[in-house]
Amino acid sequence: MQLISLSFFDLALAALAVLALAATTFAMRLGIARTLLIAALRTTAQLALVGLVLEAVFAQRQLVWIALMALVMLLLAGREAAARQKRPFIGGYGFAAGTASMFLSSFVTAVATLVIVIRVEPWYTPQYAIPLLGMLLGNTMTGIALAMDRLTQEVWRGAAVIETRLALGASATEAVAEMRRDAMRAGMIPMLNAMAAAGIISLPGMMTGQMLAGSPPWEAVKYQILIMFLIATGTGFGTLLAVSVGARRLFDDRHRLRLDRLRPI
């Protein structure tokens, strides 16, 4: 099947639909018309820029440029994960914890998949490496952001309960164990929902894109199963690691609760 190329006129038609939605929300006084238009402009600019960068990276096929782009993606994902928290850690600890967790989960998972499962030569071929890493980072970022936000909010609200447990002789790990488990579950819920709905309620993005590009449906299905398993692995381990590190930061060496390490609203 031949790939059908889209023209700028085709994209303009889709943009008109977004403009119609913005006009409708403005007429209904929902207060999101401006936000919607800005989001549409950002999407266009960001994807256009990424397209130009990927064209250059795909043409060069050099490890140094691929590694540089992967590093930028990682740092931006870490920043977004920290920015989405209502009560982030003071200083750069939240950014560092999220970035390190994503590196240890998403990067290791991506490299192992390229070397062991897909076995592409060379393993850093940008056609495979960059999309795979992007999908892993995006989903892991969401899981970590949700989990860390849940953890810090629960600890802030339940400070009195934690202090009571500590006074009764519980360790820091025991005092916050229930809240930590809830945070871990919250971070993995989107991934679990996506896995449960895949193929029945929704067709995942990678599978849809491959079929639109002309790949046989069964080949697209195999790749999508692989991606879903990788996302589950990266998101799961990244979330577990980030919450464990974040929970440890909320206490000092004497097992005292340190809410002063969280930024107040």
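The values are calculated or read from the model by the stated rules, or taken from the named source; none is laboratory data. All values derive from a computational prediction rather than experimental measurement. In this analysis, Cβ positions are derived from the backbone assuming ideal geometry, glycine residues included, and neighbour counts consider all displayed protein chains. Quick note on the areas: whole protein, heavy atoms, side chains included, nothing else; ligands and nucleic acids left out. Shrake-Rupley method; radii C 1.70, N 1.55, O 1.52, S 1.80 Å.
Taking R0 as 22 Å, what FRET efficiency do you get between Ala15 and Val50 from their Cβ-Cβ distance, rounded to the nearest 0.05? E between Ala15 and Val50, to the nearest 0.05, is 0.75. Taken as entire DSSP H runs, the helices of the chain that both span 20 Å or more between Cα atoms along their own long axis and average 1.0 or more on the Kyte-Doolittle scale are 8-27, 33-60, 63-83.
Using a simple spin-label model with pseudo-atoms 7 Å out from Cα toward Cβ, Leu30 and Val64 lie 4.9 nm apart. Sorted into 10 angstrom bins from 0, the C-alpha pair distances of the stretch 125-177 split as 22, 29, 20, 15, 11, 3 percent.
Computed over the alpha-carbon pairs of the stretch 94-241, the distance histogram in 10 Å steps reads 11, 33, 29, 15, 8, 3, 0 percent, short to long. Taking only the Cα atoms of the stretch 221-265, the radius of gyration and Dmax are 16.9, 52 Å. When all protein chains stay in place and ligands, DNA and RNA are ignored, the 1.4 Å accessible-area order of Arg61, Arg42, largest first, is Arg42, Arg61. Note on the chain: with neighbouring protein chains present and a 1.4 Å probe, carbon and sulfur make up 68 percent of its accessible heavy-atom surface. Starting from one equal scatterer on each C-alpha and no solvent at all, send me the Debye-based log10 I(q)/I(0) for the chain at q = 0.11 Å⁻¹, two decimals. Log-scaled intensity ratios, in q order: -0.77. Listed peptides 93-104, 114-125 appear in the order 93-104, 114-125 once ranked by packing, highest mean of other Cβ atoms within 10 Å at the front. Pair-distance distribution P(r) for the stretch 177-252, from all Cα-Cα distances in 5 Å bins starting at 0: 3, 15, 20, 17, 13, 10, 9, 6, 4, 2, 1, 0 percent. Counting only heavy atoms of the protein chains and using a 1.4 Å probe, Ile225 has close to 80 Å² of accessible surface. Of Thr239, Thr43, Thr208, the residue with the largest accessible area leads and the full order is Thr43, Thr208, Thr239 (1.4 Å probe).
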